[in-house]
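> This structure is in structure tokens; I'll ask about it shortly.
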Amino acid sequence: MKIAVIGAGRRRNGIGAYSARFAHAEGARVVAVLAQDTATARSDADGLKEYGITAEAYGSMDALIEDHSPDACIIASPAITHADYCSRALDSGMHVLCEKPFIWDTGCDPGLAVPLLDKAQAQGLAVAMNSQWPFVLPAYEQLCGLPPAPQITSFYIRLAPLSKGRDMIPDAMPHALSLLYSVLGPGSLEQVELQPAPERLQVSCVYHTPECCCHVTAELVHETCQPRSFAFGFNGKIAQRSIDMATYAIGFTCEGRSCEVEDPLQLSVRDFIHACKSSVSPQIGAAHIVETTRMLQQLYAAWPVDQR
């Protein structure tokens with residue numbers, strides 16, 4: 001299986017480079033990388049060599065497709081470019097794993113994602129969004145317990161985006177929405193309240209489904225030093241992430257108990273590759289993408305007018 005990676009550099013958060021690394025580890029061939037210009041792409045390709053990846057560098061998507069005809073692509077470029085790259089990849093018959101937010105341009109219409117997903121379905125192509133934290137839910141359940149959805153009344157998450165201000169919402173909140181959707185199913189946001197402060201944002205709302213009414217609190221705090229903080233939990237059972245920066249081993253601790261987890265980004269990439277090869281729906285697939293994008297737009301629109 002041949003994969004191209006769009007945005008494989010490490011200049012901001014390194015997601016593209018790590019996604020390429022994990023695709024390689026899962027047995028895929030990363031054959032090419034694309035960037036806004038050839039010089040940047042060469043730098044990105046050079047950075048992948050430490051993972052044993054030899055990929056050609058391109059500043060043109062047309063040339064990349066003509067030379068390699070990849071089976072799939074990973075899109076880890078800035079969010080404003082996602083729609084165009086996704087459309088062109090699908091037109092070329094590629095499966096797509098796209099970084100969150102799936103489609104975004106200063107709060108663009110989530111309905112723009114629907115034609116892309118319909119196009120993929122018509123062609124039998126897998127489209128997944130990389131919102132990786134739902135992949136640790138089995139470990140969370142083992143560590144903290146996870147009651148049935150009708151018994152869940154509260155959700156808390158702390159995230160540490162690199163961005164500030166309103167941009168924290170598309171940067172960080174897809175993680176919260178993906179966890180809620182994965183555990184509680186499709187729902188709606190009610191009583192949305194945003195409380196911005198310098199380098200912080202608190203999001204409060206109610207996630208409502210036919211079965212439950214879950215009070216949500218999300219604390220977003222701008223951080224630049226690694227490891228950035230991350231914690232989440234339901235009904236007051238909060239799991240705090242830890243990272244051993246020497247080995248990058250990831251673990252969670254809750255009420256004195258701890259467990260290690262496999263890197264959720266690798267699990268996300270593995271799930272995508274399995275979906276491509278087996279013609280099954282990825283875990284973070286079409287319905288998940290559309291519903292969480294709709295709610296993300298709602299949160300973005302709730303930003304206080306006097307703060308815009």
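The values are calculated or read from the model by the stated rules, or taken from the named source; none is laboratory data. Keep in mind that what you see is a predicted model, and the values were worked out from it rather than measured. Cβ: placed from backbone, ideal geometry, glycine included. Neighbour counts: every protein chain shown.
> Going by the structure shown, is Ala139 surrounded by 15 or more Cβ atoms within 10 Å (Cβ to Cβ), out of contact with any Leu (no Cβ under 9 Å at 6 or more places or on another chain) and outside the structural domain of Phe102 (by TED's automatic domain parsing)?
Spelling it out, Ala139 is indeed surrounded by 15 or more Cβ atoms within 10 Å (Cβ to Cβ), out of contact with any Leu (no Cβ under 9 Å at 6 or more places or on another chain) and outside the structural domain of Phe102 (by TED's automatic domain parsing).
> Is segment 73-80 home to any residue that is buried (at least 19 other Cβ atoms within 10 Å of the Cβ), among the β-branched types (Val, Ile, Thr) and within 24 Å of Tyr248 (Cβ to Cβ)?
Yes, there is a match, as at least one residue in segment 73-80 is buried (at least 19 other Cβ atoms within 10 Å of the Cβ), among the β-branched types (Val, Ile, Thr) and within 24 Å of Tyr248 (Cβ to Cβ).
> Restricting to segment 238-287, give me the number of residues that are among the hydrophobic types (A, V, I, L, M, F, W, C) and over 16 Å from the mean Cα position of the chain (by Cα).
Residues meeting the conditions: 14.
> Quick one: would you say Asp306 is within 16 Å of Ala72 (Cα to Cα) and either at pLDDT below 95 or assigned to a helix (DSSP H, G or I) (or both)?
Criteria not met by Asp306.
> Is there any pair with a first residue in segment 273-286 that is within 23 Å of Gly185 (Cα to Cα) and a second that is of a type in the set (Asp, Glu) whose Cβ atoms are under 6 Å apart and which are 6 or more apart or on different chains, and what are they?
From segment 273-286, the pairs are Pro282/Asp271; Gln283/Asp271.
> Restricting to segment 1-54, name every residue that is surrounded by 18 or more Cβ atoms within 10 Å (Cβ to Cβ) and of a type in the set (S, T, N, Q).
Hits for segment 1-54 are Ser19, Thr40.
> Kindly indicate whether Ser229 is among the small types (Gly, Ala, Ser), closer than 30 Å to Ile3 by Cα, within 17 Å of the chain's Cα centre (by Cα) and outside any strand (DSSP E or B).
Against the criterion (among the small types (Gly, Ala, Ser), closer than 30 Å to Ile3 by Cα, within 17 Å of the chain's Cα centre (by Cα) and outside any strand (DSSP E or B)), Ser229 does not qualify.
> Sticking with this structure for a sec: Can we say Asp105 is farther than 16 Å from Lys2 by Cβ, surrounded by fewer than 16 Cβ atoms within 10 Å (Cβ to Cβ) and free of Cβ contacts under 8 Å to residues at least 12 places away in the same chain?
no
> Here are Pro115, Pro110, Pro147: which of them is of a type outside the set (A, V, I, L, M) and outside the structural domain of Ala83 (by TED's automatic domain parsing)?
Every option except Pro147 fails the conditions.
> Might you let me know whether segment 198-216 holds any residue that is at pLDDT 95 or above, among the small types (Gly, Ala, Ser), part of a loop (DSSP other than H, G, I, E, B) and in the same structural domain as His175 (by TED's automatic domain parsing)?
Within segment 198-216 (the criterion being at pLDDT 95 or above, among the small types (Gly, Ala, Ser), part of a loop (DSSP other than H, G, I, E, B) and in the same structural domain as His175 (by TED's automatic domain parsing)), the answer is no, since none of the residues qualifies.
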